[in-house]
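The block underneath contains the structure these notes are about, expressed in structure tokens.
The values are calculated or read from the model by the stated rules, or taken from the named source; none is laboratory data. Note that the coordinates shown come from a computational prediction; the quantities given were computed from them, not determined experimentally. Here the Cβ is made from the backbone with ideal geometry for all residues, glycine too, and neighbour counts use every protein chain on show.
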Amino acid sequence: MAASRSRWIRSRHGSDVDASPLRTRYSAWNLLAASRQGHRDWAPAWRDAEPKARYDVVIVGGGGHGLATAYYLARNHGVHSVCVLEAGWIGGGNTGRNTTIVRSNYLYPQSARLYDFSLRQYEQLAAALNFNIMFSQRGVLTLAHSRHDLDAQSRWANAMLCNGIDVDLLDARQVRDIEPRLNFGDASRPARFPILGGFIQRRAGPVRHDAVAWGYARAASALGVDLVQNCAVTGFVKQGGRVVGVTTPRGEVRADKVALAVAGHSSVLAGLAGLQLPVTSYALQAMVTEPVKPVLNTVTLSPSLGAYWSQSDKGEVVIGGALDHFPSYAQRGSFDVMQHVIAATCEMFPSLGRLRLLRQWAGIVDVVVDSSPIIGATPVAGLYVNCGWGTGGFKAIPVGGWTLAHQLATGQVHELAEPFQLDRFRTGRFVDEAAAAGIAH
Amino acid sequence: MMQLRCPWCGPRPENEFSCGGTTAIARPPLSCSDEEWARYLFLRENPKGEHAERWRHTFGCGQWFNLLRDTASHDISAVYGITEPRPRENPA
């Protein structure tokens, strides 16, 4: 398929009579015009580059955060000599393994600023990247099953309001209006986990995760960034204690600055540079059912049961849960947690109980003690990290890329990233974000 | 699901246990620097591969013990007492 397309492109360019540039911009007009050619004159979305000998910045990890960092380096700061090195394929790690939810319902002001900046970037990302990321702001609904849940959620929602984040507290009837298929029980058979209320952040919702990776990759590539796939970093080149490049099976790549955006593998890469991080890697699983007609209106989350649900545009019910509770680099997840999450699904949505599971998988997440990220410089000169997002990295892709690019280009910590420096593990100034996980870990 | 061998109860399913993380982390003297204390509290090797870690048979005998477990394959190569030293690799 790919070979026949490239042959066709060559023959087309070989013909002087019929030569016209390939289409790069996505629009209704271009879609219509391209249909006359049978859609054969679209340019590849990005260049699959070979690594050069040196760059201003090398970014390790071609997931959302790495690609966003590269894009904002080029777009916001005019730094175009940038290379993204990816061990597998673009967006094949946690960017393609999450449950695609974007929200900013955090508790503390530092987190609220960070994640709401990210949410606002997501709201305009499709236009900025000229790539449809399919952001569906259908709301994230968090359920309360007890008096304690109601009290805790009042505090949580009021903290959000103080931080200027939209939120509505709901009573049981309002929850039923929004998501009628939830298990409310009845007089003859009361629900085991009664729904007393909840709260909703209406601007939150799912984003097509692959589109985020592909959109950033395409936009970064168009600005001159080299994207190199199937090229694992095997070590660092150091000069006088300073990182000045990386080694790969395709040779040495030198750079003034090297940034790691490798999530669950942060410790492994940092270890190659002689650095330990306050990170532990765990498997976080997700699963989808067979596709069905629209049955779920929102993203619904039950912190007490440790599971959450949404429906993809294809119709699959997307189910997420809590971490596997032991360190792991295996991208599959344990049956114990899977069983727990499925039991929670059957309890909260009895009508989904007969659906078959299509797929189950896990991503390796980088958990730190205060459930807040680390964005910035390390004790190793020339080496920077963007890690520690734990179970919630996807929603933070724009702000992670934006703030790290700022620091790489200007040498100054971005205002939003100031509370999230590595030094906080020495000073004890944590942002102990209890709301980070959304569900109890 | 993993099966773990409790030194007291024998092989049991993973969900009877809780993982206590990296084992045998030596506490530095209380007069140490903030850097040293932060390293003790928070910095971890977090290896992809063999990891010496402690587990508790929480929903069984309640005993703590140590494991050598591969974090990528989940293979367990040694089970040893909570106060025993880490077995040497490849005793052959």
Task: Residue list for the stretch A:231-287, restricted to those being within 22 Å of A:ILE364 (Cβ to Cβ), among the polar types (S, T, N, Q) and out of contact with any Pro (no Cβ under 9 Å at 6 or more places or on another chain) - done: A:SER266, A:GLN276, A:GLN285
Task: Number of the condition not met by A:ARG354 [criteria: (1) within 14 Å of another protein chain (Cβ to nearest Cβ); (2) free of Cβ contacts under 8 Å to residues at least 12 places away in the same chain; (3) assigned to a loop (DSSP other than H, G, I, E, B)] - done: (1)
Open item on the list: For the condition buried (at least 24 other Cβ atoms within 10 Å of the Cβ) and over 22 Å from A:TRP402 (Cα atoms), what is the one hit in A:TYR216, A:TYR282?
Closed with: A:TYR282
Open item on the list: Among the numbered criteria (1) closer than 24 Å to A:VAL207 by Cα; (2) modelled with pLDDT of 95 or more; (3) within 11 Å of chain B (Cβ to nearest Cβ), which one does A:THR403 miss?
Closed with: (3)
Open item on the list: Residue under question is A:GLY245, and the condition is that it be touching a residue at least 40 places away in the same chain (Cβ under 8 Å), over 30 Å from A:GLN407 (Cα atoms), buried (at least 20 other Cβ atoms within 10 Å of the Cβ) and in contact with a strand residue (DSSP E or B) (Cβ under 8 Å, 6 or more places away or on another chain); does it hold?
Closed with: no
- [ ] Would you check if there is a residue in the stretch A:361-371 being part of a helix (DSSP H, G or I) and within 14 Å of chain B (Cβ to nearest Cβ)?
- [x] no
Open item on the list: Among the residues of the stretch A:326-336, what is the count of those that are crowded, with 22+ Cβ neighbours inside 10 Å and more than 9 Å from every other protein chain (Cβ to nearest Cβ)?
Closed with: 1
TODO: Please note which strands (runs of 3 or more DSSP E) are completely contained in chain B and include at least 2 residues that are buried (at least 17 other Cβ atoms within 10 Å of the Cβ), under 16 Å from the mean Cα position of the chain (by Cα) and not charged (D, E, K, R).
DONE: B:3-6, B:50-56, B:64-70
Task: Filter result for A:LEU269 (within 14 Å of another protein chain (Cβ to nearest Cβ), crowded, with 22+ Cβ neighbours inside 10 Å and touching a helix residue (DSSP H, G or I) at 6+ places or on another chain (Cβ under 6 Å)) - done: no
Task: Evaluation of A:ARG189 against (1) buried (at least 16 other Cβ atoms within 10 Å of the Cβ); (2) in a loop (DSSP other than H, G, I, E, B) (one fails), failing number - done: (1)
Task: Matching option when the condition is under 15 Å from A:GLY63 (Cβ atoms) and over 14 Å from the mean Cα position of the chain (by Cα), among A:LEU404, A:LEU416 - done: A:LEU404
